[in-house]
Amino acid sequence: MSDITVDTVKSESTQKLIDQFGVQPISPELIERIKKYTKKDTLSHFIERGIFMAHRDLDHLLTQLEKNPNEKVYLYTGRGPSSTSLHLGHLLPFTLTLELQRLFDCPVVIQITDDEKYLKNQDGKSLDEISDYGRENIKDIMTIGFDPKNTFVFTNRQYINFLYPNILKIQKSILTRRLFKFFGSTDNDSIGKVNFPTIQMAPCCPSSFPTFLNPIFKWRCLIPCALDQDPYFRLFRDIASSIKEKKPALIYSKFLPSLLGRKEKMSSSVDKSAIFLNDTPKQIKKKINSYAFSGGQDTAELQAQLGANLDVDVAISYLEFFMEDHQRFLEICQQYKDGKLMTGEVKKITIEIIIKVVSDFQENRFN
Ligand code: TYM
């Protein structure tokens, strides 16, 4: 059996996504450049283990920052409030944003797209219900640890007048047929849903934040997210120069998979797929034991003989994301793959780790 190394773990499925989306992998050289620029010796396991896996133009952004002391970076990320609580997958881009805020000591803007979730929801939820979700989501987001003095969270409903001049510029520069093609919209979609992407693009323009971003500097936007949000920003990058804006850089987190299988992402709209940040330890244990798809064999004898298929095992993938002790993680992978650990044992370890992540979060949560 071949040995498990960090590169084996990193490469699973990541290369496919990198090729499909035409993004750049986060190379060891880029990690060294980030360390050098930010004067840090170590970065979190999320970066070192390739969980924050790819980027667009992050190298170019670093070059600009190095060359021009007058240029500064701000981070832009967001949340579409579709449920009362964030799930574990949402934690990843926000954790990445937090790490970058600490590394670069820079401002963060966070867009809460209550309009998006009102326009797209099919189950009749009112704008006020969505706003309630938004308020709860903001408490979750601020619990993650952003610097309150350097972080601006806004809901589109309340902040739209500041975004509107840039929304108009963006709207004027994109033809409907291009938008349809990018987002797969059809003429059966509502006007609001079709137009929404331009609202998510507006925060890429620093002038959307005239009172938050000090105008004595030239600001460059860096967007941490997962690849599902890429179309908004790819299209904005395409039109940026036509409206005299700079292209934002992006950094992408891997998708945390659904409990039901690694081919799907964890999603709020599929309850059995997700572990929410307000789940109890009992719920977490039940969800992982009952739903987490296993790559182990059906019987202990077969498992001892053949070992587990790590590529499809959900519990292992949650350990990859949340077990910080790298050596221990690699040992578990090796033993499970060699049939020396059973599925039940790996799930038990995963349950302990996830309960710790969620209960630490709940202890700190703003109420
Ligand atoms: P939303 O609420 O669907 O997701 C919020 C953030 O979480 C990421 N994400 C995931 N990351 C890892 N694993 C998963 N299973 C997973 N599921 C979701 C998303 O990529 C996103 O970064 N329209 C957006 C809100 C938004 C936004 C932005 C997001 C507005 N402006 C700028 C990123 C950057 C939305 O509905 O996100």
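The values are calculated or read from the model by the stated rules, or taken from the named source; none is laboratory data. Remember, predicted model here, so these are calculated numbers, not experimental data. We place every Cβ from the backbone using ideal geometry, glycine too, and count neighbours over all the protein chains shown. SASA here: full protein model, heavy atoms, side chains in, ligands and nucleic acids out. Shrake-Rupley method; radii C 1.70, N 1.55, O 1.52, S 1.80 Å.
Quick notes
- From the options 227, 179, 250, residue that is in contact with a His (Cβ under 7 Å, 6 or more places away or on another chain) and of a type outside the set (S, T, N, Q): 250
- Count of residues meeting criterion [part of a loop (DSSP other than H, G, I, E, B), open to solvent by less than 50 Å² (accessible area, probe 1.4 Å) and free of Cβ contacts under 8 Å to residues at least 60 places away in the same chain] in the stretch 45-81: 2
- Looking only at residues in the stretch 220-267 that are part of a helix (DSSP H, G or I) and closer than 25 Å to residue 323 by Cβ, the one that is most open to solvent (accessible area, probe 1.4 Å) is 228.
- Hits in the stretch 217-248 (condition: among the aliphatic types (A, V, I, L, M) and without any contact (Cβ under 8 Å) to a residue 60 or more places away in the chain): 240
- Residue under evaluation residue 320, criteria (1) within 16 Å of the ligand (Cβ to nearest atom); (2) among the acidic types (Asp, Glu); (3) modelled with pLDDT of 95 or more, criterion not met: (3)
- Take the conditions (1) exposed (fewer than 15 other Cβ atoms within 10 Å of the Cβ); (2) assigned to a helix (DSSP H, G or I); (3) at pLDDT below 95; residue 179 misses just one of them, which is (1).
- Candidate set: the stretch 246-283, residues that are within 16 Å of the ligand (Cβ to nearest atom) and among the β-branched types (Val, Ile, Thr); chosen: the one farthest from residue 72 (Cα to Cα): 270
- Which numbered condition residue 316 misses (of (1) within 29 Å of residue 144 (Cα to Cα); (2) in a helix (DSSP H, G or I); (3) open to solvent by 20 Å² or more (accessible area, probe 1.4 Å)): (3)
- Any pair with Cβ under 6 angstrom, 6 or more apart, that starts in the stretch 351-367 at a residue that is assigned to a loop (DSSP other than H, G, I, E, B) and ends at one that is surrounded by 11 or more Cβ atoms within 10 Å (Cβ to Cβ): 365/143; 366/139; 366/142; 366/143
- Filtering 149, 169, 120 for residues that are open to solvent by 50 Å² or more (accessible area, probe 1.4 Å) and in contact with a Lys or Arg (Cβ under 8 Å, 6 or more places away or on another chain) leaves a single hit, 120.
- The lone exception for residue 286 - which of (1) more than 24 Å from the chain's Cα centre (by Cα); (2) not in a helix (DSSP H, G or I) it fails: (2)
- A single member of 133, 164 is of a type in the set (Ser, Thr, Tyr) and buried (at least 20 other Cβ atoms within 10 Å of the Cβ), and it is 133.
- Considering residues of the stretch 208-245 that are hydroxyl-bearing (Ser, Thr, Tyr) and more than 10 Å from the ligand (Cβ to nearest atom) only, the residue farthest from residue 174 (Cα to Cα): 211
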